[in-house]
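Asker: Please see the structure below; I have some questions.
Laboratory data are not the source of any read-out in this text; all were calculated from the coordinates shown. The model shown is predicted, which means the values in this text are computed figures rather than measured ones. Ideal geometry is used to build each Cβ from the backbone, glycine not excepted, and the neighbour counts take in all protein chains shown.
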Amino acid sequence: MERDPRVCVMGEDVGHYGGSYKVTKGLAEKYGDLRVLDTPIAENSFTGMGIGAAMTGLRPIVEGMNMGFLLLAFNQISNNCGMLHYTSGGQFTIPIVIRGPGGVGRQLGAEHSQRLESYFQSIPGIQMVACSTPYNAKGLMKAAIRSENPVILFEHVLLYNLKERIPDEEYVLSLEEAEMVRPGEHVTILTYSRMRYHVMQAAKTLVNKGYDPEVIDIRSLKPFDLYTIGCSVKKTHRVLIVEECMRTGGIGASLTAAITENFHDYLDAPIVCLSSQDVPTPYAGTLEEWTVVQPAQIVTAVEQLCQ
Amino acid sequence: MSLSATKFVHPITTPPTSRSSDKPLFSTFFGSNHTKLRFNKPIVAAQRRSSSAASTSFSPVVAVSSDVVKEKKLKSASNLLITKEEGLVLYEDMILGRFFEDMCAQMYYRGKMFGFVHLYNGQEAVSTGFIKLLKKEDYVVSTYRDHVHALSKGVPAREVMSELFGKATGCCRGQGGSMHMFSKEYNLLGGFAFIGEGIPVATGAAFSSKYRREVLKEPGADEVTLAFFGDGTCNNGQFYECLNMAALWKLPIVFVVENNLWAIGMSHLRATSDPQIWKKGPAFGMPGVHVDGMDVLKVREVAKEAIERARRGEGPTLVECETYRFRGHSLADPDELRDPAEKAHYAGRDPITAFKKYLFDNKLASEQELKAIDKKIDELLDDAVEFADESPLPPRSQLLENVFADPKGFGIGADGKYRCEDPKFTQGTAHV
């Protein structure tokens, strides 16, 4: 925001409240109420407003207080955000960033635990990225703001408290690249967002059992980084996808299709996809735990895959 | 007038009844019980709105309404609202709109134009009345009935016609079509197919304007945005959400309702609990004005005030224009529900005929001058059709070209290079 005065933020409680997860804390005091705009509760309209502002020269960042609320903005995100550059014959660019916390939290109930990446992935003309560490959160956010394309940045409700040492100097990550978390030889595990941590936990167990998993955080949910993924598949010949989306129509489903289409010859076994259960996330703690993929399931899946 | 036997709905010929809603007028009429819109009597305003009204209080409402052909009552000493030059500009713009739409109908039935085409015949006074007051930098946001808004804003007829034919020389390279007219040069922000979805975009453009003035401190940043939409949209959430935000932040926007009484086959009265849309402005803290949308000079008068108000930074205005579309909702609409008597009533109030009469009566133009303009527009349109006919269709390589402003968005391919770097990528032969 300091570098480019056209960058502005809009969303519910982003200003005086500092953001529901304090992501925009302190910004309103520094930049004023117009640059950090507290909007009324009207997701469809303020997202559309952000799109109109982006078309006319600003670089807005629209926050969904919870990603799930952006379901109300689906009209604007699908029709206008994704499509206006195309239907205007390239005349208008929409350099907007739409971001917010999503994913399954701690007993937040079904509607506050949604994974919108699977709903948005078919929209042409948008890019989707998911951050998972403080380092890639900052780098991806900068990249998203500077991109001329509309970008949806998925944060996770349970990852805001992570602490990490990150460089002082400025760095920007690539929106289209995946991140190699742990190189290995036996199996490629593709994951993103919070499931990365479940995977790494499972990886510890797997290493103790003598396996050598390669863990890749795909980061870019749309488009997929087929190079990083492809190199890995060519090396290990076995793929496990671990995601928090539901099984039906999720990111994992698309990724499975993409890998099968592009790297079928390199696979020694069918791709295994571990996803959340196709249920509305229950409130009860035990049920919620069984909804998402747990490290023990990942360990079992790798063992079966590597037989 | 008969009750349940007829399938026609008469929004304007019902005599005004008492305001009580205990006994609906029609036994089968499931719609608004409010007194029917009274188009033949002016609605008396509580007090005249002045430009120095306190900014925090609700502005009193001014409603202007009267018949087109009656003489206009002017309060100032000067007799005429426009000069001869202005008159000719307005006439030419309305003729351009009317002839263009007629040409579209012809071309559609000849198989040159496809899909959903929504024509503007009858509503020209609104487009001309408002848009001819704008600067080039001001923004216009429209709906699917956008051809004439595009033309009024300055988009060349050739480019609009080409776009409708789906040719590569269209204003949107053939990628938008009838419902998605855009022009960066003339600041036409669309062309939207879903009703109401353009209003937030218009609000955003107005927000940009205010941002540029107050945050970026750009001198002379006073662009006004006009958002055009219909009566059906006024029951949509986005409309209300944007009225709220625009009034809250005093955005430089004018919400122009083109109330043509029908949303495809749904009469405004059957869909709206309180059909007087202008009243919804004060509910949000902005002036609401009702104007006779078949009279270009009345529209222009109201538009002038609303646009100047926005430019001064005093905030939005809601203007309801009572107008009518002479054709069906789209070229696919058989238009069987509307009462022929209603259509005849409005045909008698054709804005172009009325304006012609005004020009003649006030000696602003002669028959020959207007005929010369008619001829000029005819030739312009013949040229536009010829241009569109001869223009090339978009090639296969155009298919992927404008999906992303930054084509890196297509991602990294299996070979490690960005897909867009492959020279054959836009031909579509590279794997997508």
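Asker: Each label point is 7 Å from the Cα along the Cα-to-Cβ direction; what then is the distance between the points at A:Met180 and B:Ala221, in nm?
Answerer: Modelled inter-label distance: 4.5 nm.
Asker: Which of the residue pairs B:Lys184/B:Lys424; B:Lys279/B:Lys376; B:Lys298/B:Lys376 have a Cα-Cα distance greater than 32 Å in the structure shown?
Answerer: Exceeds cut-off: B:Lys279/B:Lys376.
Asker: Gap in Å between the Cα centre of segment B:265-337 and the Cα centre of segment B:113-161?
Answerer: Each part reduced to its Cα centre gives a spacing of 16 Å.
Asker: Taking every DSSP beta bridge with both residues inside the protein assembly as shown, roughly what % is antiparallel (nearest 5)?
Answerer: Counting only bridges with both partners in the protein assembly as shown, antiparallel ones make up about 15 percent.
Asker: May I pose another question? From Cα pairs below 8 angstrom and at least 6 apart in sequence, can you work out the relative contact order of segment B:48-390, rounded to a whole percent?
Answerer: 24 percent.
Asker: If I take R0 = 51 Å and measure r between the Cβ atoms of B:Glu85 and B:Glu390 in this structure, what FRET efficiency does the formula 1/(1 + (r/R0)^6) give, to the nearest 0.05?
Answerer: Result of the calculation: an efficiency of 0.90.
Asker: Once Rh is set to the Kirkwood radius over Cα pairs, what Stokes-Einstein translational diffusion coefficient, in µm²/s, holds for the protein assembly as shown at a temperature of 10 °C and a viscosity of 1.306 mPa s?
Answerer: 56
Asker: Could you work out, for segment B:137-279, what percent of all Cα-Cα pairs fall into each 5 Å distance bin, beginning at 0 Å and stopping at the bin that holds the largest distance?
Answerer: 2, 10, 18, 19, 17, 15, 11, 5, 2, 0
Asker: Compute from the Cα atoms of segment B:120-181 the Rg and the Dmax, the latter being the longest Cα-Cα distance, and quote both in angstrom.
Answerer: 11.4, 31
Asker: So how long is each side of segment B:48-390 along the principal axes, counting just the alpha-carbon atoms, biggest first, in Å?
Answerer: For segment B:48-390, the Cα extents along the three principal axes come out at 55, 45, 45 Å.
Asker: Right, here's the next one. Cα to Cα, under 23 Å, and not fewer than 8 places away if on the same chain: which lysines meet these conditions relative to A:Lys138?
Answerer: A:Lys22, A:Lys25, A:Lys30, A:Lys163, A:Lys222, B:Lys408
Asker: Going by how many other Cβ atoms sit within 10 Å of their own, how do A:Ser78, B:Ser366 line up, fewest first?
Answerer: B:Ser366, A:Ser78
Asker: A further question follows. In peptide A:74-85, how many Cβ atoms from other protein chains are near each Cβ within 10 Å, on average?
Answerer: Whole-number average of other-chain Cβ neighbours for A:74-85 is 4.
Asker: With everything on Cα atoms, drop me the angle between helix A:134-146 and the longest principal axis of chain A, reported from 0 to 90° to the nearest 10.
Answerer: 50
Asker: Another question about this same structure. Please report Rg (one decimal) and Dmax (integer) in Å for the Cα set of segment A:1-99.
Answerer: Answer for segment A:1-99, Rg first and Dmax second: 13.1, 40 Å.
Asker: Just rank B:Glu390, B:Glu342, fewest to most, by other beta-carbon atoms within 10 angstrom.
Answerer: Sorted ascending by nearby Cβ count, the order is B:Glu390, B:Glu342.
Asker: Here is a further query. Give me the one-decimal nm value for the distance between modelled label points at A:Lys235 and A:Ala284, 7 Å along each residue's Cα-to-Cβ direction.
Answerer: 4.4
Asker: Cross-link candidates for B:Lys357: which aspartates and glutamates have Cα within less than 12 Å, leaving aside residues fewer than 8 places away along the same chain?
Answerer: Once the sequence-local aspartates and glutamates are set aside, what remains near B:Lys357 is B:Glu71, B:Asp295, B:Glu367.
Asker: So what is the 222 nm mean residue ellipticity for chain A from helices alone, if each DSSP H run of at least 4 adds -39500 (n - 2.57) and you divide by all residues, rounding to the nearest 500 deg cm²/dmol?
Answerer: One gets -9000 deg cm²/dmol as the mean residue ellipticity at 222 nm.
Asker: At a threshold of 8 angstrom on Cα-Cα distance, excluding pairs fewer than six apart, so keeping six or more, what relative contact order does chain A reach in percent?
Answerer: 14
Asker: Okay, moving on. With the crude spin-label approximation of a point 7 Å out along Cα→Cβ, what separation in nm comes out for B:Asp422 versus B:Lys371?
Answerer: 6.4
Asker: Moving on to the next point. By count of other Cβ within 10 Å, fewest leading, how are A:Thr39, A:Thr248 ordered?
Answerer: In increasing order of surrounding Cβ atoms, one gets A:Thr248, A:Thr39.
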